[in-house]
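Working notes for the structure below.
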Amino acid sequence: MSKKERVVLVTVIIEAALAGLWWYLASMANPDHVTADFQQVVGQTMGTAMGALLAIGVMLFFIAARNDRKTIEDNMRR
C-alpha cells in the first residue's frame, strides 16, 4: 500500500469518526445544563475541526505523493 493510499484511508476514517461524533452530539436534546445555543456551538466546532483535518489531509497527501515518486525513482536507479 502506497503512502498516498494510507493517507487517504486514515483521513477518511478520522473524518467518518468526527462525522459520527457530530451526528451524535447534534441529535442530543438540549439538556438543562447546557446553553440554548448548544447546537450552533457544536456545529461550528465540529465543522471547523473537520475542515482543518481535511486541509491537513490534503497537504499530507501531496507530501506522500512526492515521497512515493522519490521512492520509485530511487528503486529505478538501483
Notebook entry, point to check: Among (1) out of contact with any helix residue (DSSP H, G or I) (no Cβ under 7 Å at 6 or more places or on another chain); (2) part of a helix (DSSP H, G or I); (3) among the β-branched types (Val, Ile, Thr), which single condition is Thr35 missing?
Noted result: (2)
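Kindly indicate whether Ala19 is among the aliphatic types (A, V, I, L, M), at pLDDT 90 or above, in contact with a helix residue (DSSP H, G or I) (Cβ under 8 Å, 6 or more places away or on another chain) and exposed (fewer than 14 other Cβ atoms within 10 Å of the Cβ). Walk me through it before giving the result.
Working: among the aliphatic types (A, V, I, L, M): yes; at pLDDT 90 or above: yes; in contact with a helix residue (DSSP H, G or I) (Cβ under 8 Å, 6 or more places away or on another chain): yes; exposed (fewer than 14 other Cβ atoms within 10 Å of the Cβ): yes.
The answer is yes for Ala19.
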Checklist line | Qualifying position, being in a helix (DSSP H, G or I), loosely packed, with under 12 Cβ neighbours inside 10 Å and at pLDDT 95 or above, among Ile72, Ile63, Ile13 | finding: Ile13
Next item on the list: Kindly provide the set of residues from segment 29-60 that are more than 16 Å from the chain's Cα centre (by Cα) and either modelled with pLDDT of 95 or more or surrounded by fewer than 12 Cβ atoms within 10 Å (Cβ to Cβ) (or both), ordered by number.
Entry: Ala29, Asn30, Pro31, Asp32, His33, Thr35, Ala36, Asp37, Gln40
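The values are calculated or read from the model by the stated rules, or taken from the named source; none is laboratory data. Everything quoted here is computed from the prediction, not taken from an experiment. Here the Cβ is made from the backbone with ideal geometry for all residues, glycine too, and neighbour counts use every protein chain on show.
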